[in-house]
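See below for the structure under consideration.
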Amino acid sequence: MKVILTENISTLGNVGEMVNVSKGHARNYLIPNNFAVLADETNKKQFEDNKRRLALKIAEEKNKALEIKKKIDGQTLELTKKVGGNGRLFGTVTNTELAKEFSEKGVEIDRRQISIEKPIKTLGSFEVKAKVFTDVEAVFNVKVAMDPKQAQEEKAKQAAAAKRASEKKKKTKAEATDPEEAIAEDTNAEKPKAKVEKTKTEAKK
């Protein structure tokens with residue numbers, strides 16, 4: 001059954017849009033609750049009357065959508081996440097989370113209007129779209145950074161690893177001293193001893 005939505009229904013569409021729904025859903029829920037009106041071609045006059053009646057409401061809703069677009073278009077949401085050893089996030093960034101971030105900034109947007117084309121599972125910057133209303137789309141950015149506490153811990157681990165590597169390098173260098181130089185040093189150390197013994201022998205004579 002074809003109906004024209006008189007309210008924004010997140011699961012169906014925006015006000016003024018014609019959608020196909022089951023007869024039961026239309027007659028038992030949408031129409032009785034004034035969420036939609038019948039759009040049968042057999043009742044063309046009523047169809048046109050309903051369209052004209054909704055024109056003003058559609059314009060109002062579109063203006064609201066344009067205002068929301070101005071507030072979020074080109075904006076950047078910054079999120080901090082914990083990261084696993086493989087560089088991937090624990091979980092993914094969801095449209096519910098992004099809608100909540102906007103809400104905290106004073107912008108109300110339905111999570112279903114936010115479209116994340118590719119799952120956000122790593123650190124970095126990502127482009128996300130929001131279909132605020134029919135033919136009204138906003139594009140914003142999501143920047144995901146490592147949780148500050150975890151970043152500090154990782155920095156400390158890297159510093160410790162660098163220190164261990166430096167100490168190991170020094171130890172290896174010391175162990176790799178030229179053997180010939182070591183033998184030469186031992187030989188030179190023996191010469192004074194031999195000279196002393198020779199001197200003692202000559203003295204006895």
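Given a Förster distance of 41 Å, report the FRET efficiency between A161 and Q75 from their Cβ-Cβ distance, rounded to the nearest 0.05. Rounded to the nearest 0.05, the efficiency is 0.60.
On the basis of the beta-carbon distance and an R0 of 45 Å, N33 and S115 show a calculated FRET efficiency of 0.95.
Label separation (A174 vs L56): 9.0 nm, computed from points 7 Å beyond Cα along the C-beta direction. In a fully extended conformation the segment linking K100 and N141 would gain 13.3 nm over its present Cα-Cα distance, using 0.36 nm per residue. For the range 2-59, the square roots a ≥ b ≥ c of the C-alpha gyration tensor eigenvalues yield an a/c of 1.5 or more together with a/b not exceeding b/c, which makes the shape oblate.
Any read-out appearing in this document is the output of simple, stated calculations on the displayed coordinates, not a laboratory observation. Since this is a predicted model, take the numbers as computed values, not measurements. Cβ atoms come from the backbone with ideal geometry, glycine included; neighbour counts cover every protein chain shown.
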